[in-house]
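Here is the structure we will look at, set down as structure tokens.
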Amino acid sequence: MNIPQNFNAQTKEFAQVFTKFCLLFAKFGAKNMNDYLDSIPVRMGKTNGRHTGAYIVNKVLEEFKDPENGVSKYDLYTSKERRQELSEARMLVCVFAHKYLEIDNGEISAMFSKKRDFAKRAISDFGKLNESIPAHRKLLTKYKKIDTLVNAYVNFTPKSK
């Protein structure tokens, strides 16, 4: 887990955060808290004051929403399953986190509690996808749709009156 060198917090805010951390630590234990804290970089990633990380994760989950084989947030971060939908959703989160949040591969891999090469491999595998193959075309269509939405979200500037 990477801890920032400098950050400003008021005493009241620090006391609130520390109290909540202690309560969660007592409830869930060290392993679960470590996994949760490692998942924060993407979810809390901001660009231009917008919560881009949370937006990316929600759009990917929305795209893989299905009553039978859907992907939940819990599955995305902690499940050890190797379903096709789950691996594709993780791949897209890795690609978008690398593209828009500029997070290094180690932090992305830690978010999924995987080995450090997980994000590097996912991004590399995504680059090898071919649109002429029908199985890849479906994933690339989802990627283009989410990419358009995230790009619009990041680059949106309201008109001045």
* To do: Could you grab me the full set of residues in region 112-161 that are in contact with a Cys (Cβ under 9 Å, 6 or more places away or on another chain) and part of a loop (DSSP other than H, G, I, E, B)?
  => Phe112
* To do: Look through Glu63, Glu85, Glu107 and report the one residue that is touching a helix residue (DSSP H, G or I) at 6+ places or on another chain (Cβ under 6 Å) and farther than 22 Å from Asn34 by Cα.
  => Glu63
* Given (1) surrounded by fewer than 17 Cβ atoms within 10 Å (Cβ to Cβ); (2) on the phi < 0 side of the Ramachandran plot; (3) touching a residue at least 60 places away in the same chain (Cβ under 8 Å), number of the condition Ala110 does not satisfy -> (1)
* Return yes or no: is Ala122 under 20 Å from Lys145 (Cα atoms) and not aromatic (Phe, Trp, Tyr)? => yes
* Structure fact -> Of the candidates Glu85, Glu102, Glu107, Glu131, the one satisfying the condition of being at pLDDT 80 or above, among the acidic types (Asp, Glu) and in contact with a Phe, Trp or Tyr (Cβ under 7 Å, 6 or more places away or on another chain) is Glu85
* Residues that are under 20 Å from Asp147 (Cβ atoms) and over 14 Å from the mean Cα position of the chain (by Cα), drawn from region 87-119 -> none
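The values are calculated or read from the model by the stated rules, or taken from the named source; none is laboratory data. Not measured: the values here are computed from a predicted model. Cβ coordinates were reconstructed from backbone atoms using ideal geometry, including for glycine residues, and neighbour counts include every protein chain displayed.
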